[in-house]
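Structure first, commentary second.
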Amino acid sequence: MKKKYVLTLGDKDSHIWESKTTKELILESLPIGKPTICTLVAESLNKHPRRVMDVLDQLTKEGILEVRKGKIETKSGRSMAKIFTRIK
């Protein structure tokens, strides 16, 4: 029978811990007034781009971000992308 029980989150012996939601991580890491695209956010937070896009669209509907379509250039070429800017 087990002699030691872990009853709280985040203890040293616990294999379960509390984590932040994708929305909270994006709001913490995105500075006000700086433009970004979904791919950059997904890579920096190590999240799936579709999940990040869902959250960015949700934040746009809430009025925290504004979005515009624009052309971006990388070393490998050019493409159209949604460019998000935090306004609140």
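Every read-out reported here was derived from the displayed coordinates using simple, explicitly stated rules and does not represent laboratory data. What you are looking at is a predicted structure, and each value in this text was computed from that prediction instead of being measured. Virtual Cβ from ideal backbone geometry, glycine too; neighbours counted across all protein chains shown.
A few notes on this one:
- Net charge dipole, the stretch 12-88: roughly 400 debye, given to the nearest 20, about the Cα centre with Cβ charges of +1 for Lys and Arg and -1 for Asp and Glu.
- Among the trypsin sites (Lys or Arg not before Pro) found in the stretch 9-81, those both in a DSSP coil and sparsely packed, with 11 or fewer other Cβ atoms within 10 Å of their Cβ, are LYS12, LYS20, LYS75.
- Mean ellipticity per residue at 222 nm, deg cm²/dmol - from DSSP H runs of n ≥ 4 across the chain, formula -39500 (n - 2.57): -9500 deg cm²/dmol
- Environment charge of THR85, counting only residues whose C-beta is closer than 12 Å and scoring Lys/Arg +1, Asp/Glu -1: +4
- Span from the the stretch 1-46 Cα centroid across to the the stretch 48-85 one, whole angstrom: 22
- Seen from all directions on average, the stretch 22-86 presents a Cα convex hull projection of 4.3 nm².
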